[in-house]
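Visitor: First, the structure itself, so that you have it in front of you.
The values are calculated or read from the model by the stated rules, or taken from the named source; none is laboratory data. Keep in mind that what you see is a predicted model, and the values were worked out from it rather than measured. Using ideal geometry, Cβ is built from the backbone for each residue, glycine included, and neighbour counts are taken over all protein chains shown. The protein model used for the area step is the full one, side chains on, heavy atoms only, and it has no ligands, DNA or RNA in it. Shrake-Rupley method; radii C 1.70, N 1.55, O 1.52, S 1.80 Å.
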Amino acid sequence: QQNEETEVKAVILSMFEAMKAGDSAKVRSFFVPGAVMQTIKSNGSAAPQVFSENAEGFIQSIGRQAAGVLDERITFASFFSDGQLASVVTPYRFYYNSAFSHCGINSIQLVKFPEGWKIQYIIDTRRKTGCF
């Protein structure tokens, strides 16, 4: 289990490092083709809304940024695995051009393939205050 946890965390950290470098090709290498990304947004007392995006849109947006512009700083809160599935929760703070933008929690699901762990699904929350 410890080796799996180390491998999964390395994939996630490497993906965010590639994002910070603006390297969309490298970011793409960490995702399963057709991976899904979702964001939960809440407007005060209104019911939360879930917005979906194909990971490819996210990947392409990274390629349009200069190195260092996107900086998501994460910590690892939990890790679970069972065979070919791993689930990780990471509180984060996101900075754009070195300025704080928002924070929240990522829930990341990975699948183990013969070539290694790949990200299948990410859902996150986003807010401006109450950060970890």
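Visitor: Residue by residue through the range 36-44, which ³J(HN,Hα) values in whole Hz follow from phi under the Karplus form 6.51 cos²θ - 1.76 cosθ + 1.60 (θ = phi - 60°), with glycine and proline marked x?
Guide: 3J(HN,Hα) across the range 36-44, in whole Hz: 10, 10, 9, 10, 9, 10, 10, 10, x.
Visitor: Something else now. In the range 76-132, how does Rg compare with the Kirkwood Rh, expressed as the Rg/Rh ratio over alpha carbon atoms?
Guide: 1.09
Visitor: Please compute the alpha carbon radius of gyration of the range 33-73, then divide it by the globular-protein estimate 2.2 N^0.38 Å. Two decimals is fine.
Guide: Details: Rg = 13.4 Å, N = 41, 2.2 N^0.38 = 9.0 Å.
Rg over 2.2 N^0.38 Å, computed on Cα atoms: 1.48.
Visitor: Provide the per-residue ³J(HN,Hα) series for the range 116-127, in order, calculated from phi with Karplus coefficients 6.51, -1.76, 1.60 and θ = phi - 60°, each as a whole number of Hz, with x at glycine and proline positions.
Guide: x, 6, 10, 7, 9, 7, 9, 10, 9, 10, 9, 8
Visitor: Also, I was wondering about something else. Quick one: dipole size for the chain, taken about the Cα centre, charges +1 on Lys/Arg Cβ and -1 on Asp/Glu Cβ, in debye to the nearest 20.
Guide: Details: 13 positive and 12 negative charges, 97 e Å.
The dipole of the chain has a size of about 460 debye.
Visitor: Over the heavy atoms of LEU85, what accessible area does a 1.4 Å probe trace out, to the nearest 10 Å²?
Guide: 90
Visitor: Using helices alone, what [θ] at 222 nm do you get for the chain, with -39,500 (n - 2.57) per DSSP H run of 4 or more residues, divided over all residues and rounded to the nearest 500?
Guide: Calculated at 222 nm, the ellipticity per residue is -8000 deg cm²/dmol.
Visitor: Using R₀ = 22 Å, calculate the FRET efficiency as 1/(1 + (r/R₀)^6) where r is the Cβ-Cβ separation of ILE40 and SER61; round to 0.05.
Guide: 0.70
Visitor: In whole Å, what are the extents of the range 45-107 along the principal axes defined by its C-alpha atoms, from largest to smallest?
Guide: 37, 34, 24 Å, listed from the longest principal axis down.
Visitor: Then there's this: Each residue of the range 23-28 in order: what ³J(HN,Hα) in whole Hz does its phi give by Karplus 6.51 cos²θ - 1.76 cosθ + 1.60, θ = phi - 60°, with x for Gly and Pro?
Guide: With the stated coefficients, the range 23-28 comes to 9, 5, 5, 5, 4, 4 Hz.
Visitor: Per the 1.4 Å probe, what fraction of the accessible area of the chain, in percent, lies on carbon and sulfur atoms?
Guide: On the way: 3910 of 7280 Å².
For the chain, the apolar C and S fraction of the accessible surface comes to 54 percent.
Visitor: Which entry is the computed Rg/Rh (Cα atoms, Kirkwood Rh) for this structure: (i) 0.93; (ii) 1.01; (iii) 0.96?
Guide: Computed from the coordinates, Rg/Rh (Cα atoms, Kirkwood Rh) corresponds to (iii).
Visitor: Right, something else. Run through the range 18-91 and list the GluC sites (Glu not before Pro) located in a DSSP loop whose Cβ has at most 10 other Cβ atoms within 10 Å. Mind showing how you got there, number by number?
Guide: Values: sites: GLU53, GLU56, GLU72; in loops: none.
Hits after loop and neighbour filter: nothing returned.
Visitor: Using a 1.4 Å probe, how large is the accessible area of SER42, given in Å² and rounded to the nearest 10?
Guide: Number for this one is 80 Å².
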